[in-house]
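In what follows, a single structure is set out as structure tokens and then discussed.
No lab work stands behind these numbers, since they all come straight from the coordinates. Owing to the predicted nature of the structure, the values given are computational and were not obtained by experimental measurement. With ideal geometry, Cβ positions are generated from the backbone for all residues, glycine too; neighbour counts draw on all protein chains shown.
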Amino acid sequence: MRRQKTEVISFKADESLFEALRGVRNRSDFIRHAVLQALRNTCPLCGGTGVLTPEQQEHLDDFLAEHAVEECDTCHERRLVCLKEASR
């Protein structure tokens, strides 16, 4: 069985983050899980920046011509809905 190669990544933490992490039993696992979770929840258009380029906005506008953002009746989160599907 081959061992998976690992790399060490470090980052600076301000005092409040450091103190918050102090009580975490396995900080490496906790941080690894948090980063992976954040990457899974990153916007596919902006890549997590929170801002669209003009070109990305144009593509989104084209997409939204046939789609809408609506609130889910069950969980009340916002979701994309295909307007063509809704009219069938």
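Just checking, does segment 46-55 include any residue being touching a helix residue (DSSP H, G or I) at 6+ places or on another chain (Cβ under 8 Å) and under 30 Å from Ser10 (Cβ atoms)? Yes. Scanning segment 62-74 for residues that are out of contact with any Leu (no Cβ under 7 Å at 6 or more places or on another chain) and within 19 Å of Cys43 (Cβ to Cβ) gives Asp62, Phe63, Leu64, Glu70, Glu71, Cys72.
Got a number for residues in segment 50-85 being in contact with a strand residue (DSSP E or B) (Cβ under 8 Å, 6 or more places away or on another chain) and either of a type in the set (A, V, I, L, M) or under 24 Å from Ala38 (Cα atoms) (or both)? Show your work before the answer.
Here is the first cut: in segment 50-85, the ones in contact with a strand residue (DSSP E or B) (Cβ under 8 Å, 6 or more places away or on another chain) are 66-72, 77-83.
If we keep only those that are either of a type in the set (A, V, I, L, M) or under 24 Å from Ala38 (Cα atoms) (or both) too, we end up with 68-72, 77-81, 83.
The number of residues fulfilling the criteria is 11.
For the structure I just gave you, tell me whether Gly50 is within 21 Å of the chain's Cα centre (by Cα) and exposed (fewer than 10 other Cβ atoms within 10 Å of the Cβ). I'd like the intermediate steps shown before the answer.
Numbers: within 21 Å of the chain's Cα centre (by Cα): yes; exposed (fewer than 10 other Cβ atoms within 10 Å of the Cβ): yes.
Criteria met by Gly50.
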